[in-house]
Amino acid sequence: MPEAPLRQPPDEAQIEQIIARHRGQRWALIPLLQEIQEAFGYIPPESIRPVAGALGLFPAQVEGVISFYSQLHTEPRGKKVVTVCRGTACHVRGGQTILKLAKQQLGVEEGETTPDLEYTLETVACIGVCALAPNMTVGTTTYGSLNPAKVRRILGSPKEADSKEAASNEGTTGEGNGGA
Amino acid sequence: MEKVTITLDGREVSGPKGVTVLELAQEAGINIPTLCHHSYLSPTGACRVCLVEEERSANLLVSCVTAIEPGMLINTQSSRVIERRKAIVELMLASHPDSCMVCDKGNRCELHRVASKLGIGVPSFDKIPQRATITDVNPFIVRDMSKCILCGRCVRADQELVVEGAIDFLGRGFGSRPSTVGGVPLEQSECSFCGTCVVTCPTGALAERGAMGVGTTSRVVTTTCPFCGCGCSIALEVKDGRIARARPGDGGPVNRGTLCVRGAYGYDFVHSTERLKTPLMRGTDGLEPVSWEEALETVSEGFRRIIREAGPQSLAVLGTPTGTNEENYLLQKFARCVLHTPNIDNGARLCGAATYAGLGGTAGYPGTVGTIDDIESAELILVIGAGLSASAPAVGYAVKRAVARKGARLILIDPRMTSLTRFAHLWLRQEPGTDVALLNGLASVIVSDGLLDKEFVGRKTVGFEELSRHLQRYSLEYVQQVTGVAAEDIRRAAHAYGSATRAVIIYGGGVTRSARGTDTVKALANLSLLTGNIERKGTGLYALQARNNAQGACDMGAMPELLPGYCSLADEPGRTKFERRWNLTLPTSAGLAAAEMMTEAAAGRVKAMYIVGENPVASFPDAASVEKALGRLELLVVQDIFLTDTAALATVVLPAASFAEKAGTFTNFEGRVQPVRKALPPLGESRPDWEIIMALADAMGSPLGLETLEDVQSEIEELVPFFQAAGGTERVGAPGVRDTAPWPGRRLYEQVFPSTFGRFSSVDYVPEEGRSEEYPLILVTGGQLFQFGTGSRTSRSPRLRRFAPDSYVEVSEVDAERLGIRDSEEVRVVSATGMVAAVARVTNAQPRGLLFAPSAFPDGRVNGLFPAILDSQSKTPALGHCAVRLERGHPYA
């Protein structure tokens, strides 16, 4: 187990500012939570009570919604989210090994964040680029046709990997490519 | 109402449009199993065991959420239905632990019942192991989530009935569980331990901690809760001569499936080892046990001697609003007919007298006008001087339901932050003691901005011209300056109240226990009359009663100025009726009120007192003087269930039975007469108060002419017209609950306004002696959820005491910092009259300059800080607020 990531208390004024835009709008719970996550990279637990108060909900209801959606997080996440594909195509082409390597390289388990808050490791059911399997994404960059050496290169020194790999044909950059 | 007809298991059944298949089936006597369904909760269709088949479409429908439609052909028992139900329940059992052998829920488990009805033996699925994880350490509720079937009844009970919002489902899929925010133990959450989730849980996932291993009881006695004035119906489960559990009584009209922590878990004071079991008499070594014969002989001998030597005026009787109607009636009859003294009063004087003094001559009826249901149909609710969540939880639930679920708006007038504050749309934090000014300010805006109900004012009221002239003095600027509430907020509150079509006012001890209580009540009546918010559904004035039978004790005439049924002693024909029935001549002027008894005792003019169920040493102001006054008495007889501070001073102590050990009726704050039933035999040699009073009358040689409780009830019905009209009194021993509907003559809406007019009163704000250099802080006292009254019962309830052991005082963060006081530090609260030790709680709930202490103080007498000042109209001692200073350290260190 890695150490729990160090977390700075969030800027309360910033939370209030975001909440103020939606005060009284009970329907806006999810967009509001998304905006907070956008600003902080996660939803600080300190924001649950003010959000509930502003929307006329119970704090337990707000946390219920957050805990229901896998894309809402109450813990800090790495600057880059590494998402290893576990889809069928990736699986038959060694996706399991890629995941194992990613864990070794980052020193965290699935769903965890490195103590330096650089990386969060996750898996996904399918990225949608099965032709290049096995795949993973780092941030918004997708890497295909992975092999152990490549994984080590990408996660070992990401900056270097960014410039080399993403520029080549194997990497595609785009938003919203990740599966749910 | 449009009727819809469907075929249910081959029978044609019809019901109003909108009802569900399940509701119609239940009405038709067809049994459909359910788990997540509960009659007090909104349906969610979560568990699916109530599946039925619609045979025309061959669809399986979830009957609890499917509304009936014309021509439906429903089969509740088809082979498909049974097969699916079995599969659903087997899946639940697959992830349910095999702990039925040791589970406290036993044969009360609904999952077990549904499974055995379906004939499920060994489940055909592999088990998913579930480990019990119990993290709560509170003394009330144990959560074992391994037994949870995710029906969501606890979550709905929490959010829909008591509206605390302490729990909701967290997580998703297999990981989903009802949980507090952040998964913390209940005691760290918003939970108020009302136990509503425990009684709604179908399995053993939620259980009462003290009752583990007791199992199912064969006897359940439905009675009425003995704590606050709400009058919740409470079902006591009795086993082996002990109360095993308490749960909400089925169909209780006030609480409807809920209780609070006191009602649900505070009953254990009944089994306290400190209960008095024999009469005690003062001998050479203090109080010693004696026989009943000796005790009664001594008391009657003493009373007779003092009457002979000093006249009946030298005797005083103080009764209690914890006693039944019958006991209060008997006690006042004992005082008037046996002792021949006019000095009879009861403890409701301390909290409720301002209501009948203030409302009788203004709104036309001396008590609450409206029912608890009306609160939920209001558009606007104004709450003043009432910490509802602590002092009247069932009313608090109703208010929160109205706001959270029915869109009512809430104006809260309270300097302190309470758990109701987060529901308020407008929160006015007035300086204590300035209520009259604030309310006059509201009335002034209503008049000047044309928000009054002209038709109602013209048709039903007198004195408007005078009031409207009087109110001109209360300009917004002046009121803002006096009360500290912003003029704009006053204006907004007046507009909100004045323009609502259905508005209720709820007030509590914060109003009635102040030196200006009667005037404040009159000012509230003005608001109600100006806007016509009275005598209609969804309107009214709600006078909360601090104690279970405060209304009844006053109805029964245990008061020095009024005979039973509020018959004035000056009312010749009324008085004659009593004189003829009792065969004596009654005095025409009032006797001594509670606080006056103490001053007269101190002066040596009252020589003997008979105190039943009251603890004036703790409940009256200026404890030291009360103690001294009682010490001067030649004879002090105290009748109680515990050796209270007052009983400890007595010449003779008579052991009384608790509420669970006697029968009779309590009248709640709405005026609803409700049954009290005997669940247990009296402990030891203790006896019910009514039996003791009768025995004492016999010993005095002038029996009351009444043998049984039934005789007492008959005489009350004969002499108190509205009690007769009730049909609500229950004959002792009668099976089942008879009609507990409120008395028809006591409801003011629907054209039964008892008088033809309401009378406005021009009341003035009078500045009080406030802060001084020596005493720079204002101490406010009030109710606390985990302790009650002066705490004589709740501090002896092991669970309540364990959970709330401290005598505390809440200090604002600003004052704490200024005085260098840390949280949990021992402090002294010092007033001009006294001093108490307390533990400081530093909180942001308090505005600066204000302290709060609960009136139930386990280790001291907080009321002893107050000087003995009476409201001149109601003779209520002012116990709401006083000037104090706060010092660091323990007084005896």
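Bear in mind these aren't lab numbers, they're just calculated from the coordinates by the rules spelled out. Keep in mind it's a predicted model, so treat the numbers as computed, not measured. Cβ: placed from backbone, ideal geometry, glycine included. Neighbour counts: every protein chain shown.
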So the angle from the long Cα axis of helix B:292-310 to the longest Cα principal axis of chain B, reported in degrees to the nearest 10, equals 40 degrees
Quick calc: nm separation of the 7 Å Cα→Cβ label points for B:Glu301 and B:Glu817 -> 6.7 nm
The FRET efficiency for B:Arg491 and B:Glu465, from their Cβ-Cβ distance with R0 = 30 Å and rounded to 0.05, is 0.80
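Averaged over its residues, how many other protein chain Cβ atoms are within 10 Å of peptide A:66-77's Cβ atoms?
On the way: counts 1, 10, 6, 1, 1, 0, 0, 0, 1, 0, 0, 0.
If you average over the peptide's residues, the count of other-chain Cβ atoms is 2.
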Taking alpha-carbon centroids only, the stretch B:181-196 lies from the stretch B:592-642 a number of Å equal to 42 Å
For the stretch B:3-77, the charge dipole (Cβ of Lys, Arg +1; Cβ of Asp, Glu -1; about the Cα centre) points to a positive end, and the Cα of B:Cys47, B:Ser14, B:Asn31 closest to that extreme belongs to B:Cys47
Using alpha carbon centers only, the stretch B:422-451 is separated from the stretch B:327-399 by a whole-angstrom value of 23 Å
Of A:135-146, B:518-529, ordering from highest average Cβ density within 10 Å down gives B:518-529, A:135-146
Partner shielding of A:50-56, taken as the mean number of other chain Cβ atoms within 10 Å, equals 1
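Report the full-extension gain for the segment B:Glu579 to B:Arg802: residue separation times 0.36 nm, less the Cα-Cα distance, to one decimal in nm. Mind showing how you got there, number by number?
Values: separation 223, 0.36 × 223 = 80.28 nm, distance 5.12 nm.
Contour length minus Cα-Cα distance gives 75.2 nm.
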Expected unfolding gain across B:Thr133-B:Ser568 under the 0.36 nm per residue rule, minus the alpha-carbon gap, is 150.3 nm
Ranked output for segments B:590-597, B:800-807, B:321-328 by mean other Cβ atoms within 10 Å, highest leading, reads B:321-328, B:590-597, B:800-807
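Using only alpha carbon pairs under 8 Å that are at least six residues apart, calculate the relative contact order of chain B and give it in whole percent. Provide the component values of the computation, followed by the final result.
Details: 2071 pairs, mean separation 118.9, N = 893.
Here the relative contact order equals 13 percent.
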Placing each pseudo-label 7 Å from Cα in the direction of the beta carbon, B:Asp449 and B:Ala845 end up separated by a distance in nanometres of 3.1 nm
Most exposed first, judged by fewest Cβ atoms within 10 angstrom, B:Glu661, B:Glu817, B:Glu572 run B:Glu572, B:Glu817, B:Glu661
Computed, not fitted: 222 nm per-residue ellipticity of chain B from DSSP H runs ≥ 4 (each -39500 (n - 2.57)), nearest 500, equal to -8000 deg cm²/dmol
Sorted by chain and number, the residues with a modelled amide H under 5 Å from that of B:Thr224, at a separation of 5 or more or across chains, are B:Ile234, B:Arg677
In debye to the nearest 20, the charge dipole size for the stretch B:353-543, taken about the Cα centre with +1 at each Lys and Arg Cβ and -1 at each Asp and Glu Cβ, equals 400 debye
For B:Ile611, other-chain or 5+-apart residues with amide H closer than 5 Å (H placed, Pro excluded) are B:Leu318, B:Val637, B:Val638, B:Gln639
The alpha-carbon center of the stretch B:21-71 and that of the stretch B:513-575 are separated, in whole Å, by 47 Å
Checked against a 26 Å limit on the C-alpha separation, the offending pairs among B:Lys333/B:Lys522; B:Lys333/B:Lys460; B:Lys86/B:Lys127; B:Lys607/B:Lys875; B:Lys522/B:Lys662; B:Lys105/B:Lys277 are B:Lys333/B:Lys522; B:Lys333/B:Lys460; B:Lys522/B:Lys662; B:Lys105/B:Lys277
Quick calc, the protein assembly as shown, dipole around Cα centre from Cβ unit charges on Lys, Arg (+) and Asp, Glu (-), nearest 20 debye, gives 1840 debye
Taking R0 as 30 Å and r as the Cβ-Cβ distance between B:Ala94 and A:Gln34, the FRET efficiency 1/(1 + (r/R0)^6), rounded to the nearest 0.05, comes to 0.25
For B:Met145, B:Met1, B:Met598, ascending order of other Cβ atoms within 10 Å (fewest first) is B:Met1, B:Met145, B:Met598
The size of the Cβ-based charge dipole (Lys, Arg +1; Asp, Glu -1) of chain B about the Cα centre, to the nearest 20 debye, is 1620 debye
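Can you tell me the FRET efficiency between B:Glu274 and B:Arg209 if r is taken as the Cβ-Cβ distance and R0 is 30 Å, rounded to the nearest 0.05? Before the final figure, lay out the partial values.
Details: r = 21 Å, r/R0 = 0.71.
E(calc), rounded to 0.05, equals 0.90.
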Pseudo-spin-label distance B:Arg473 to B:Arg56, built 7 Å along Cα→Cβ, given in nm, is 7.4 nm
Within the stretch B:775-806, the residues whose backbone N lies under 17 Å from a label point placed 7 Å from the Cα of B:Met835 along the Cα-to-Cβ direction are B:775-777
Counting only DSSP beta bridges with both partners in chain B, the antiparallel fraction in percent, to the nearest 5, comes to 55 percent
